[in-house]
Each structure stands twice: as C-alpha cells, then as structure tokens.
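Since every read-out is calculated from the coordinates, none of them should be taken as a lab result. This one's a predicted model, so the numbers in the text were calculated from it and none came from an experiment. Virtual Cβ from ideal backbone geometry, glycine too; neighbours counted across all protein chains shown.
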Amino acid sequence: MSLLSREQLDTFNDRGYLLVEGLLDPVADLDPIIAEYHTVLDNLAGELYAQGRIRECYGELDFNERFLRICEESQDVHKQYFDFSLPKGGVKPDTPLWVGPAVFHMMRNERLLDAVEQFIGPEIYSNPVQHVRLKPPEHRSPWDPEAEQIQLGITPWHQDNGVVTEDADDTDMLTVWFPLWDAPVEAGCLEVIPYSHLEGLQIHCPAYGGPRLIDEALQLEAAVPMPMRRGDVLFMTRYTKHASLPNLSDSVRLSFDLRYNPTGQPTGRGEFPGFVARSRANPASELHDARAWAQLWYDARAQMAAPDYEEVSFDRWDINHPAC
C-alpha cells in the first residue's frame with residue numbers, strides 16, 4: 001500500500017515540493033534523537049567548562065536555555081559539534097561531529113523510506129550531504145566580527161543541486177527536511193518558491209552561510225513560508241529554490257536536513273561516506289549497523305586530516321563570475 005497518494009506525488013512534480021503532515025511519530029521517531037543530543041550537549045558543556053570558556057555547565061536548565069547560555073558565554077554556536085557531516089575543508093583529526101545511533105536510525109526510519117521510495121524508487125542511498133541545524137534566536141546568536149553578522153542566521157536562497165559538485169548534476173537527489181521541535185514562521189522555518197524547479201540549475205555565488213542564488217534568479221513575491229510541526233516532513237527536488245527565514249522567536253530551531261538518491265548515482269560529495277538505506281533487489285547490501293556507519297565517518301575524517309591529503313574543492317561557484 002502506497003504511503004503517499006497520486007495527488008500528492010503530482011503536487012510534488014508540479015510545484016517542486018510536498019509538505020506531508022504527521023509523517024513521523026514525534027515521540028517514537030523524534031524524541032530518541034533529542035535525548036541523544038542531550039548527551040552531546042552534556043559533553044560540550046563539560047569540555048567548555050574544562051577549558052574555562054564557560055563558568056558552569058548549566059545542567060539544571062532545559063535543553064533550549066542551556067544551549068543558548070553556552071553559546072552566549074562561549075561566543076560560538078558550536079554547529080560542527082552536533083553535526084553528522086564534516087566541514088568541506090580544514091578537517092583535523094579531532095574535528096568534532098556526532099554520528100550517534102539515534103541519528104543513524106532516523107536515516108533508516110521505515111516510514112520515511114517508504115515515502116522516499118515513492119519519489120526515487122526502491123534502491124535508496126543515504127546521500128552524505130546532510131546536517132542537523134540548531135539555529136538560535138537572532139537576538140541571542142553570537143556575532144561573527146569578521147563577517148559582521150551573526151554566526152548562524154538565515155540560510156540564503158539556493159538550490160540543493162547548487163551545493164554539490166558537477167558530477168551529481170544528473171543525480172535524482174531528493175531533499176528531506178523536518179523539524180524536531182515545532183518550526184513556526186517566527187522560529188525561522190523554510191520558505192520555497194513554487195514551480196522554481198522547472199527552471200533547472202541557476203547561477204549561485206559564494207556567500208556566508210553557503211552558496212546563494214543571484215537576485216535575478218529569484219521571484220520573491222511568489223515565496224511561500226513552510227511552517228511545520230513535529231512529525232511533518234518537507235520533500236523538495238534538487239532544483240527547488242528555498243531559503244530560511246530569520247529566527248525571531250525565543251527558542252532554538254532544531255531540524256534535520258537529509259538527502260537521498262538512487263543507489264549508484266554520484267552524491268556530489270565524493271569524499272564523504274553514504275550508505276545503502278534500502279534495496280529491494282539486494283537487501284543484504286543495506287547498512288543496519290550504527291557503529292559501522294559512525295566508523296565510515298571517522299575513517300573519512302582521518303583520511304581528510306592526513307598530512308598527505310590533497311584537499312578537494314566542493315565549491316563549484318566563482319566569486320569573480322560577472323553575475324556575482
């Protein structure tokens with residue numbers, strides 16, 4: 001039995017995105033991830049306290065306020081500490097990342113994969129272009145003096161095909177975005193431009209916060225905000241133009257940003273490890289071991305941090321392009 005209706009799939013193909021309400025179970029699916037991130041925050045607080053960067057560990061506070069106090073006092077949003085991907089450059093042997101079992105099991109969530117299968121088919125690869133976002137309220141986000149802006153603000157307008165290398169231009173990459181806590185408009189939810197995927201890949205320019213579309217490629221009057229509740233999932237094509245609004249609330253916006261593509265197609269981030277999440281043709285090829293998945297990332301980190309490693313550029317756009 002299909003999880004999504006023909007009408008929903010037609011909407012996705014027509015508009016370039018589909019918001020599915022209540023696809024995930026907030027308690028069974030999302031709470032284990034939040035519990036795991038409590039452990040990550042404990043670890044971060046302990047390290048910062050030992051380094052003298054914070055006065056106390058703030059263990060009596062809830063996750064939201066504790067994270068914000070730590071960010072404010074240490075003047076860092078520590079986004080890499082929570083992420084389950086490596087940075088695109090400058091990787092060191094101790095570059096932090098979190099590749100815990102709850103994160104892995106979310107990527108293999110059966111109900112989520114049932115939906116993904118209806119978009120890209122039964123041979124599903126977990127693409128390593130993936131992130132967790134802990135986006136502080138703008139009025140409490142640490143400042144970046146070099147960039148002269150807050151460290152983690154809005155995500156600029158872009159297409160996800162624009163943040164991968166050219167070898168993945170023909171990859172049928174599906175974006176899967178969902179909040180772990182409610183993400184209303186005031187908390188900085190995503191916004192999309194319907195039908196924008198029909199224009200194909202557009203020119204991007206390097207920018208703080210990631211590649212951005214040039215103004216001429218945008219139809220901002222058509223942009224639609226995507227407020228979401230816990231359990232809702234937003235699916236987008238690789239060409240759908242989207243951005244995030246500013247977080248003007250008093251709470252952190254906590255969200256997952258995942259990608260999937262048909263197995264065998266380039267991921268656009270060749271140095272990073274993906275895995276077979278589902279295979280109807282060869283179930284034995286699926287990765288079920290969370291520790292094995294974590295080790296793939298540790299091995300990639302060691303390789304990229306090696307003295308003889310030659311860095312590969314993941315940035316395809318030229319700041320000197322006339323459009324920039």
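Qualifying GluC sites (Glu not before Pro) in the range 119-182, where qualification requires a DSSP coil assignment and no more than 13 other C-beta atoms within 10 Å, comprise Glu146, Glu148.
Note on the chain: dipole from Cβ charges, positive end direction compared against His204, Ser5, Pro101; the farthest Cα belongs to Pro101.
Rounded, prolate or oblate: which fits the range 1-114, taking a ≥ b ≥ c as square roots of the Cα gyration tensor eigenvalues, rounded meaning a/c under 1.5, else prolate when a/b beats b/c? Since a/c reaches 1.5 and a/b is larger than b/c, the shape of the range 1-114 is classed as prolate.
Determine the distance separating the Cα centre of the range 293-313 from the Cα centre of the range 150-196; give it in Å without decimals. The range 293-313 and the range 150-196 have Cα centres separated by 26 Å.
Taken over the range 204-307, the percentage of Cα pairs per 5 Å bin, counting from 0 up to the bin with the maximum distance, is 2, 7, 12, 15, 18, 16, 14, 9, 5, 1. Once you reduce the range 37-62 and the range 207-283 to the center of their Cα atoms, the two points are 30 Å from each other. Its DSSP H runs of at least 4 residues, each contributing -39,500 (n - 2.57), put the calculated 222 nm mean residue ellipticity of the chain at -7500 deg cm²/dmol, to the nearest 500.
Restricting attention to the range 188-249, which chymotrypsin sites (Phe, Trp or Tyr not before Pro) occupy a DSSP loop and are surrounded by at most 15 other Cβ atoms within 10 Å?
Tyr195, Tyr208
Here is the list for the range 230-313: trypsin sites (Lys or Arg not before Pro) lying in DSSP coil, each with at most 16 other C-beta atoms within 10 angstrom of its C-beta, are Arg280.
Across the chain, Cα pairs under 8 Å and at least six residues apart give a relative contact order of 27 percent. For the pair Asn64 and Asp31, what calculated FRET efficiency results from E = 1/(1 + (r/R0)^6), where r is the Cβ-Cβ distance and R0 = 22 Å, to the nearest 0.05? Plugging the Cβ-Cβ distance into 1/(1 + (r/R0)^6) gives 0.90. The mean sequence distance of close C-alpha pairs (under 8 Å, at least 6 residues apart), as a share of the length of the range 62-202, puts its relative contact order at 23 percent.
Taking label points 7 Å from Cα along the Cα-to-Cβ direction, Ala284 and Thr39 give a separation of 3.2 nm. Histogrammed with a bin width of 20 Å, the alpha carbon distances of the chain distribute as 30, 62, 7 percent, first bin at zero.
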